[in-house]
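Engineer: Questions regarding the structure given below will be posed in turn.
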Amino acid sequence: MGMNNFAKLPVLTKNIVDVSTIDANSKLENNISIVLFPGKQVDIIKGEIFNLNQKIYKPFYGFKDFQMIVICPKGTEEEIDKIKKAIGNYTDMVKWNFIFAEDEVVKAFYDSFQTNQSLDGNLHTSKAFIIDKELNLRGRTDDKDMADGKLFGYNMASVGELNDKMKDDVKVVLAEYRLALKKNSADRKK
């Protein structure tokens, strides 16, 4: 009998604030979410969003509970619409959720992630974050490229990091839930 043993992706922060506190039509709970913060200078982060779309969104958007959550400062709606149209020309945007909030709300939501970095003065970070169905921030605790080993978010400007680290980590989280589902189903049949 074969036993499948694989490492689970570590939880770095438990119980982050659910995005439903900002937008009643969206929620992180019961979803595997990729969360990003484009900030106020949207034109300079186009490449980051395109990288994330190609390397993470496209391979995984077919999974039922997978979604992208983009937390944008109010006042960036026009610039975000341009990016949405550009990506929408070659991508089904059905799982992209763009949420606009006041600056303080964006910052407070980000702060609930309790990472080792802050948003910049424009409320931007080039990191994308994996949030599981239980509102936990997932990442790495033994990353060789980080001084303290902790990788809270994945650099959207680095195709290599998205491809080599984030894609693998999203696969691990999805596998965890698939295995749990199979186990629960098998337990019910007993």
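The values are calculated or read from the model by the stated rules, or taken from the named source; none is laboratory data. This structure is a prediction, so every number in the text was calculated from the model and none was measured. Virtual Cβ from ideal backbone geometry, glycine too; neighbours counted across all protein chains shown. Note: accessible area is taken over every heavy atom of the protein model, side chains too, but ligands, DNA and RNA are not part of it. Shrake-Rupley method; radii C 1.70, N 1.55, O 1.52, S 1.80 Å.
Engineer: Given R₀ = 30 Å, what would the calculated FRET efficiency be for Lys14 paired with Lys74, taking r from the Cβ atoms and rounding to 0.05? Please report the intermediate quantities before stating the final value.
Structural biologist: On the way: r = 29 Å, r/R0 = 0.97.
That gives a FRET efficiency of 0.55.
Engineer: Probe radius 1.4 Å, ligands and nucleic acids left out: which of Glu134, Glu79 has the largest accessible area, and how do the rest follow?
Structural biologist: Numbers: Glu134 100, Glu79 75 Å².
Sorted by accessible area, descending: Glu134, Glu79.
Engineer: Please arrange Arg138, Arg178 by accessible surface area, largest first, computed with a 1.4 Å probe and ligands excluded.
Structural biologist: Result, largest first: Arg178, Arg138.
Engineer: Related question: How big is the charge dipole of segment 1-160 about its Cα centre, in debye rounded to the nearest 20, if each Lys and Arg gets +1 on its Cβ and each Asp and Glu gets -1 on its Cβ?
Structural biologist: On the way: 20 positive and 22 negative charges, 114 e Å.
Taking the Cα centre of segment 1-160 as origin, the dipole is about 540 debye.
Engineer: Related question: At Phe50 and Phe63, where each label point lies 7 Å from the Cα along Cα→Cβ, what is the point-to-point distance in nanometres?
Structural biologist: The answer from the label model is 2.6 nm.
Engineer: Given a 10 angstrom Cα cut-off, can you work out which residue in Val94, Val159, Val106 is the most mobile in a GNM of the chain?
Structural biologist: Per the Cα network of the chain with a 10 Å cutoff, Val94 tops the list.
Engineer: Follow-up. Taking segment 41-97, how many lysine pairs are there with alpha carbons less than 19 Å apart, if each pair must be eight or more places apart or span two chains?
Structural biologist: Going through segment 41-97 pair by pair, I get 21.
Engineer: Find the Cα radius of gyration of the chain, compare it with 2.2 N^0.38 Å by division, and give the number to two decimals. Before the final figure, lay out each step's value.
Structural biologist: Values: Rg = 16.7 Å, N = 190, 2.2 N^0.38 = 16.2 Å.
Ratio of Rg to 2.2 N^0.38 Å for the chain: 1.03.
Engineer: Roughly how many nanometres apart are two label points built 7 Å out from the Cα toward the Cβ at Ala175 and Lys107?
Structural biologist: Placing both labels 7 Å beyond Cα along the Cβ direction yields 4.1 nm.
Engineer: Over the chain, give the accessible area per residue in Å² for a 1.4 Å probe, as an integer. Each step should come with its number before you reach the end.
Structural biologist: Details: 10040 Å² over 190 residues.
About 53 Å² of surface per residue is accessible.
Engineer: Right, next: Pop out the carbon and sulfur fraction of the accessible area of the chain as a percent, whole number, probe 1.4 Å.
Structural biologist: On the way: 4820 of 10040 Å².
That fraction is 48 percent.
Engineer: Would you check the accessible area of Phe63, probe 1.4 Å, heavy atoms only, in square angstrom rounded to 10?
Structural biologist: 70
Engineer: Sequence gap at least 6, Cα distance under 8 Å: using those rules, report the relative contact order of segment 23-171 to the nearest whole percent. Show your work: numbers first, answer last.
Structural biologist: Numbers: 226 pairs, mean separation 48.4, N = 149.
Value for segment 23-171: 32 percent.
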